[in-house]
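Scroll down for the structure; my scribbles are underneath it.
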Amino acid sequence: TAIAGAVVCALGALLTGSGVAAVIRHRTTIVPHHPVATLITSGPYRLSRNPMYTGLAIAYLGGALLFGSWWPILLWPVVILVVTKLVIEPEERYLGERFGPAYADFRDRVRRWL
């Protein structure tokens, strides 16, 4: 389980890192609730509207496997729900207001997670 956990954790970190790199490359912010300069729809954002959160969620599961602990896996749905309600949904409302039809099209084409 440790090897599988390390691989899953690394894949999650890679997805998160690629999301951060795309944001930096487009000169906008990674800080939730801060104004964004541009809507990113390329790179990892072709796979997920939230590659950083998705990557962190995957790395979280990998970490649980890596350390052989099952209780974080049981709590994972709660973590996902809390992040969705407190961070992702407000961000999506903001992006919808900020980018209008362009964001609506992006939202229709790309899944929230994977």
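The values are calculated or read from the model by the stated rules, or taken from the named source; none is laboratory data. Quantities reported herein were computed from a predicted structural model and do not represent experimental measurements. Neighbour counts are summed over all protein chains in view; Cβ atoms, including those assigned to glycine, are modelled from backbone coordinates with ideal geometry. When the accessible area is computed, the model is the full protein with side chains, heavy atoms only, and any ligands, DNA or RNA have been set aside. Shrake-Rupley method; radii C 1.70, N 1.55, O 1.52, S 1.80 Å.
When you scan region 42-65, do you find a residue that is of a type in the set (Phe, Trp, Tyr), part of a helix (DSSP H, G or I), farther than 21 Å from Val8 by Cβ and in contact with a Pro (Cβ under 8 Å, 6 or more places away or on another chain), even just one? Scanning region 42-65, I find at least one residue that is of a type in the set (Phe, Trp, Tyr), part of a helix (DSSP H, G or I), farther than 21 Å from Val8 by Cβ and in contact with a Pro (Cβ under 8 Å, 6 or more places away or on another chain), so the answer is yes.
Consider region 83-95 and keep the residues that are under 15 Å from the mean Cα position of the chain (by Cα) and surrounded by fewer than 12 Cβ atoms within 10 Å (Cβ to Cβ). The one that is nearest to Ile30 (Cα to Cα) is Leu86. For region 13-30, the condition of being farther than 20 Å from Trp113 by Cα and open to solvent by less than 60 Å² (accessible area, probe 1.4 Å) holds for at least one residue. Test Leu65 against the criterion of being in contact with a Ser or Thr (Cβ under 6 Å, 6 or more places away or on another chain) and either among the polar types (S, T, N, Q) or more than 19 Å from Asp105 (Cβ to Cβ) (or both), and give yes or no. The answer is yes for Leu65. Checking each residue in region 36-68 for being of a type outside the set (S, T, N, Q), free of Cβ contacts under 8 Å to residues at least 24 places away in the same chain and out of contact with any helix residue (DSSP H, G or I) (no Cβ under 7 Å at 6 or more places or on another chain) picks out only Ala37. When restricted to residues that are hydroxyl-bearing (Ser, Thr, Tyr) and not in a helix (DSSP H, G or I), region 5-41 contains 4. The set of residues in region 66-81 that are within 15 Å of the chain's Cα centre (by Cα) and either under 22 Å from Leu11 (Cβ atoms) or surrounded by 12 or more Cβ atoms within 10 Å (Cβ to Cβ) (or both) comprises Trp76, Pro77, Val79, Ile80. You will find that of Arg98, Arg111, the residue that is part of a helix (DSSP H, G or I), touching a residue at least 60 places away in the same chain (Cβ under 8 Å) and open to solvent by 100 Å² or more (accessible area, probe 1.4 Å) is Arg98 and no other. In region 45-65, of all residues being more than 20 Å from Ile24 (Cα to Cα) and open to solvent by 30 Å² or more (accessible area, probe 1.4 Å), the one that is nearest to the chain's Cα centre (by Cα) corresponds to Ile58.
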